[in-house]
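Q: This is the structure I have questions about; it appears just below.
The values are calculated or read from the model by the stated rules, or taken from the named source; none is laboratory data. These figures come from a predicted structure and were not determined experimentally. Neighbour counts run over all protein chains shown; Cβ positions are idealised from the backbone, glycine included. With ligands, DNA and RNA removed, areas are computed over all heavy atoms of the protein, side chains included. Shrake-Rupley method; radii C 1.70, N 1.55, O 1.52, S 1.80 Å.
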Amino acid sequence: MDLKQFEADNSGSCRLASRIPDVCRTEDCCLGVDEAGRGPVLGPMVYGICFCPVSKKEELKDLKVADSKTLNEAERENLFQKLDEAQSYVGWALQILSPNMISTSMLQRTKYNLNALSHDTAICLIQYALDSGVQLKEVYVDTVGPAEKYEKKLSQLFPGIQVTVRPKADSLFPVVSAASICAKVARDRVVKGWNFAEDLGEIDTDYGSGYPNDPKTKEWLLKYLDPVFGYPQFVRFSWSTAQTLMDSKAAPVHWDDDEEDGEKAAQQQNNRSMLSYFSASAEGDRAQQTHRFFSERRLKSLKSL
């Protein structure tokens, strides 16, 4: 699994895929869909598909794939290696969705929630398999939202394919378990080797599980919260955990276009307006340490033109 493409730019979305086995282009195939990292406040969410000929279902089962959440990291890595060695009849593809992409999607003017993002990503991966020549006849999906509604949606999009959507599908169907393992291994590797674009010095990588209720994760979030610029792109800033910490610990900001008379409203809230930063004042004349964002770009505040 070569992650160089994502590591080169971990602010967006990236697709990784194995070679398509020749047999998958000539025989009827089944495909499983699952994700890893839906809930954490740290790191990406990874969607995965795994596919093989229907005639090879038992061989896939014999690899003893299981729901990735029931396995430790070493067991997942070992099973992924077995799937990779079975490349003569097993294929996979992954879509890595960065924390930045997830959060900007959820907070954009036209809201794009996590369920919609998950559905669209799964649909794109299924379509990728079809476009690659995989002869899909059966698709098994771990549900996001109501299973019956999601199954109907996929069946309409992919007529002629038997679609099965179930809760906990990763523990019911080996091909979904395989997809779960591929996704989880990719996420673990990305998180472990995350390349911070921000200049944060020596990074403490002991951030726990990444889930909001993990004390180590909360401690890490507090440690790397910049009072002005918020969090590095490793953090899903749209998560309520991150937003609550920013509201309570970061510098308060009043946006002047929020309402009329923005300057007055800001003063009433005992808050400085954004515009006040650009105006010369006695307070602005005081010596203060410049934030690295400005010093790295050699930016200075002008007092006169």
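Q: Out of all the residues in region 190-209, which are in contact with a helix residue (DSSP H, G or I) (Cβ under 6 Å, 6 or more places away or on another chain) and open to solvent by less than 30 Å² (accessible area, probe 1.4 Å)?
A: Within region 190-209, 207 is the sole residue that qualifies.
Q: Sticking with this one: Scan region 175-189 and tell me whether some residue there is within 21 Å of residue 13 (Cβ to Cβ), polar (S, T, N, Q), outside any strand (DSSP E or B) and in contact with a helix residue (DSSP H, G or I) (Cβ under 7 Å, 6 or more places away or on another chain).
A: Yes, region 175-189 contains at least one residue that is within 21 Å of residue 13 (Cβ to Cβ), polar (S, T, N, Q), outside any strand (DSSP E or B) and in contact with a helix residue (DSSP H, G or I) (Cβ under 7 Å, 6 or more places away or on another chain).
Q: While we're looking at this one, here's another question. Being in contact with a Cys (Cβ under 9 Å, 6 or more places away or on another chain) and in the same structural domain as residue 70 (by the TED database) is the requirement here; does residue 177 meet it?
A: Spelling it out, residue 177 is indeed in contact with a Cys (Cβ under 9 Å, 6 or more places away or on another chain) and in the same structural domain as residue 70 (by the TED database).
Q: Go through 66, 116, 36 for me and flag whichever is surrounded by fewer than 18 Cβ atoms within 10 Å (Cβ to Cβ) and among the hydrophobic types (A, V, I, L, M, F, W, C).
A: The match here is 116.
Q: A follow-up question, please. Would you pick out the residues in region 145-174 that are of a type in the set (Ser, Thr, Tyr), part of a helix (DSSP H, G or I) and over 21 Å from residue 113 (Cα atoms)?
A: 155, 171, listed by residue number.
Q: Another question, if that's okay. If the requirement is being at pLDDT 95 or above and on the phi < 0 side of the Ramachandran plot, which of these qualifies: 38, 25?
A: Answer to the check: 25.
Q: How do the helices (runs of 4 or more DSSP H) wholly within region 1-106 filter down when requiring 3 or more residues that are more than 17 Å from residue 190 (Cα to Cα): which remain?
A: Correct list: 57-62, 73-85.
Q: Turning to a different aspect of this structure: Please go through region 135-144 and give me each residue that is more than 22 Å from the chain's Cα centre (by Cα) and either within 13 Å of residue 32 (Cβ to Cβ) or open to solvent by 80 Å² or more (accessible area, probe 1.4 Å) (or both), ordered by number. Reasoning before the result, please.
A: First pass over region 135-144, keeping only residues more than 22 Å from the chain's Cα centre (by Cα): 135-139.
136, 137, 138, 139, listed by residue number.
Q: Could I ask something else about it? If I filter region 158-166 for residues that are open to solvent by less than 90 Å² (accessible area, probe 1.4 Å), free of Cβ contacts under 8 Å to residues at least 40 places away in the same chain, within 23 Å of residue 242 (Cβ to Cβ) and not acidic (Asp, Glu), do I get at least one hit? If you could, list the steps in order and put the result at the bottom.
A: Within region 158-166, the subset open to solvent by less than 90 Å² (accessible area, probe 1.4 Å) is 158, 160-161, 163-165.
Next cut, free of Cβ contacts under 8 Å to residues at least 40 places away in the same chain only: 158, 160-161, 163-165.
Now narrow it down to the ones that are within 23 Å of residue 242 (Cβ to Cβ): none.
No, that holds for no residue.
Q: How many residues does region 221-237 hold that are hydrophobic (A, V, I, L, M, F, W, C), in a loop (DSSP other than H, G, I, E, B), closer than 19 Å to residue 202 by Cα and open to solvent by 10 Å² or more (accessible area, probe 1.4 Å)?
A: Summing the residues that are hydrophobic (A, V, I, L, M, F, W, C), in a loop (DSSP other than H, G, I, E, B), closer than 19 Å to residue 202 by Cα and open to solvent by 10 Å² or more (accessible area, probe 1.4 Å) in region 221-237 gives 2.
Q: Taking the criterion of being among the aliphatic types (A, V, I, L, M), buried (at least 18 other Cβ atoms within 10 Å of the Cβ) and either under 22 Å from the mean Cα position of the chain (by Cα) or assigned by the TED database to the domain that holds residue 50 (or both), would at least one residue in region 145-153 satisfy it? Steps first, answer last, please.
A: So in region 145-153, the residues among the aliphatic types (A, V, I, L, M) come out as 147.
Applying the additional criterion that residues be buried (at least 18 other Cβ atoms within 10 Å of the Cβ) yields none.
Taking every residue of region 145-153 in turn, none turns out to be among the aliphatic types (A, V, I, L, M), buried (at least 18 other Cβ atoms within 10 Å of the Cβ) and either under 22 Å from the mean Cα position of the chain (by Cα) or assigned by the TED database to the domain that holds residue 50 (or both).
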